[in-house]
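Visitor: Take this structure, written in structure tokens, and hold onto it; I'll ask about it next.
Every number in this text was worked out from the coordinates using simple rules, so none of it is lab data. Everything numeric in this text was worked out from a predicted model, so none of it was measured. Cβ placement follows ideal geometry from the backbone for every residue including glycine, while neighbour counts extend to all protein chains displayed.
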Amino acid sequence: MKLLTTLASAGLLALAALPVAAQAPSTLRIGLQEDPDMLDPHKARTFVGRIVFKGLCDKLLDITPELKLVPRLATAWSFSADGLTLTMKLRTDAKFHDGDVFNAEAAKANLERARTLPDSLRKSELASIDSIETPDASTIVLKLKRPDATLLAQLTDRAGMMLAPKSLGGDVAAKPVCSGPYKFVERVQNDRIVLEKFKEHWEAANYHFDRIIYRSIPDTTVRLANLRAGELDILERLAPTDVKSAQADKTLKVASTANLGYQGITINTGNGEAANQPMGKDKRVRQALSLSIDRKVLSQVVFEGLYEPMVQPFNPGNPYVSAEFPVPARDVAKAKALLKEAGLSKVSVELFVTNNPVDAQLGQVVQAMAQEAGIDVQIRSTEFASQLRDQQQGKFQMSRIGWSGRIDPDGNIHQFVTTKGNQNDGKYSNAEVDRLLDEARTVYDVFERKKRYDAAQKILEDELPIIYLYNQTVFFAMRANLQGFVINPDGMIRLSGLKRQ
């Protein structure tokens, strides 16, 4: 018996003495609600894609949970007195996944691509840049056409993400080569994206998992079941209907924060033939739809009352929220009167939704409410990537879509409603809205900027190219043994500091 005990002890010691490389790699498994679109930060637009980019691509700047700017690849920055020159000092110890060194020329190549690539969705975000200079390897100077109060905030997200210069001429999305803490391994569409630790990252010691697997699981019930079964370690956007159940489960933890963005219905007012219908052509029909929706009841029925109703693009508590535009009470009689004024007794319109249970239920509730006002809403459902593609191409009448939000108010409004906005899928156009929102970009004083946003919103509240519905509280659920998760209002999963207990 002693001999067996001695041998067993020796075996355990031998296992403990095995080098780290011989042990199974530690893997963090993250459940996403949708499959991301293309993994090219200059062309991408999905919320879940930004979550993947958090591990894959470093940015010039980042934000804290308190929404303060902090250094990443840029270590310091300053504007000239006239606001027309932004100088940034860069890290000298960062590398790309292909081994090349990150420097000012690399940063310039990325910013030039982001602001000039024909199909870049970052062009309007970087439109104030006139030219870029690189006086030395660790300094980049952005010369601006006009003062830009939004620019630093843009550089905390995809506009500030850095790709390896050698990769820019190829198919970036197929195999992105960045400078983040994890490098790309593989992607299986509508299933998984796999990353592995980049050991030469300047902050590698803060990342404790060898491998990250992002799984796209649209069904909220299935996603939570996978978490409970131990097939996932963390999931984003826990359904409000599952919050109490998850909170009561001792094997799980739940964290939440109010999101920076909005959720609503984008209406095609000018993008191709699909816009040539009453909802797209006549603002009175859009006003009728908005008045037919009881936003408070919508939140109670679909989201357990956990999402705050809204009619503005700015999140509750934001200094740019205007008291001029409170959430209106439902008014079916007025909605019917507006349709009659437009020469209509009934209207039929198609609403595009994502094929997950929550969006399906939301669409059904909107459909039932609108029906009472004489608006027949036909629901069309598909996976999120296809919805976005068709939306960009103008193949929609209305689309139930949201935005994860930005720390600067411009990021929640300008690109969606200005004539040349990169994400203005409905092709809404109003010269006065363009003027006000372009001007707001140049104003640093909050009070003065708010005047421009209030004036623009007065027009938008009347014309309704987007019908805002609610602000989404973001719920994360994770295994109880996962430590170091820090929640942030941008809804991103930051991998730094995450480890198992």
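Visitor: Nothing charged except the Cβ atoms of Lys and Arg (+1) and of Asp and Glu (-1): what's the magnitude of the dipole of the stretch 426-501 about its Cα centre? Round to the nearest 20 debye.
Guide: The calculated dipole for the stretch 426-501 is roughly 720 debye.
Visitor: Still on this structure, please answer the following. Work from the charge dipole of the chain (Cβ charges, +1 for Lys and Arg, -1 for Asp and Glu, about the Cα centre) and give the residue of G421, V285, V188 farthest towards its positive end.
Guide: Positive-most Cα among the choices belongs to V188.
Visitor: Next question, about the same structure. Taking the highest mean first, how do the peptides 257-266, 179-188, 48-57 order by number of other beta carbon atoms within 10 angstrom per residue?
Guide: Descending packing order for the listed peptides: 48-57, 257-266, 179-188.
Visitor: Just subtract the alpha-carbon distance of A368 and R500 from 0.36 nm times their residue separation and send over the number in nm, one decimal.
Guide: Answer, rounded to one decimal: 42.9 nm.
Visitor: Could you tell me which residue out of I213, A255, N276 lies farthest along the dipole of the stretch 174-303 toward its positive end? Charges go on the beta carbon: Lys and Arg +1, Asp and Glu -1, centred on the Cα centre.
Guide: N276
Visitor: Count the lysine pairs in the stretch 382-501 that are 8 or more places apart or on different chains: how many have C-alpha atoms under 29 angstrom apart?
Guide: Taking the Cα cut-off of 29 Å, the pair count is 10.
Visitor: Another question, if that's okay. Go through the stretch 375-480 and name the chymotrypsin sites (Phe, Trp or Tyr not before Pro) that are in a DSSP coil and have 15 or fewer other Cβ atoms within 10 Å of their Cβ.
Guide: The qualifying sites are Y444.
Visitor: Okay, moving on. What's the tally of Lys pairs in the stretch 19-156 whose alpha-carbon atoms lie under 20 angstrom apart, where the two lysines are 8 or more places apart or on different chains?
Guide: Value for the stretch 19-156: 21.
Visitor: Moving on. Please get the size of the charge dipole for the chain, origin at its Cα centre, with Cβ charges of +1 on Lys and Arg and -1 on Asp and Glu, quoted in debye to the nearest 20.
Guide: Roughly 740 debye for the chain.
Visitor: Compute the separation of the alpha-carbon centres of the stretch 308-339 and the stretch 212-280 and state it in Å as a whole number.
Guide: The stretch 308-339 and the stretch 212-280 have Cα centres separated by 23 Å.
Visitor: Read phi for every residue in the stretch 485-500 and hand back ³J(HN,Hα) as whole Hz from Karplus 6.51 cos²θ - 1.76 cosθ + 1.60, θ = phi - 60°, with x for Gly and Pro.
Guide: Each residue's phi maps through the Karplus curve to give 6, 10, 7, 9, x, 6, x, 7, 9, 8, 7, 4, x, 5, 7, 8 Hz.
Visitor: When the dipole is taken about the Cα centre of the stretch 105-200, and only Lys, Arg (+1) and Asp, Glu (-1) are charged at their Cβ, what size is it in debye, to the nearest 20?
Guide: Charge dipole, the stretch 105-200, about its Cα centre: 100 debye, nearest 20.
Visitor: Hey, of [x] 1.09; [y] 1.29; [z] 1.04, which did the structure itself give for Cα Rg over 2.2 N^0.38 Å when calculated?
Guide: Label of the calculated value: [z].
Visitor: Go through the stretch 345-354 residue by residue and turn each phi into a ³J(HN,Hα) via Karplus (6.51, -1.76, 1.60, θ = phi - 60°); whole Hz please, and just put x for glycine and proline.
Guide: Couplings: 9, 9, 9, 10, 8, 9, 10, 8, 10, 7 Hz.
Visitor: Still on this structure: Hand me the trypsin sites (Lys or Arg not before Pro) from the stretch 218-312 located in a DSSP loop with no more than 12 other Cβ atoms within 10 Å, in residue order please.
Guide: Passing sites in the stretch 218-312 are K250.
Visitor: What does the charge add up to near L388, with Lys and Arg as +1, Asp and Glu as -1, over the other residues with Cβ less than 9 Å from its Cβ?
Guide: Neighbourhood net charge equals -1.
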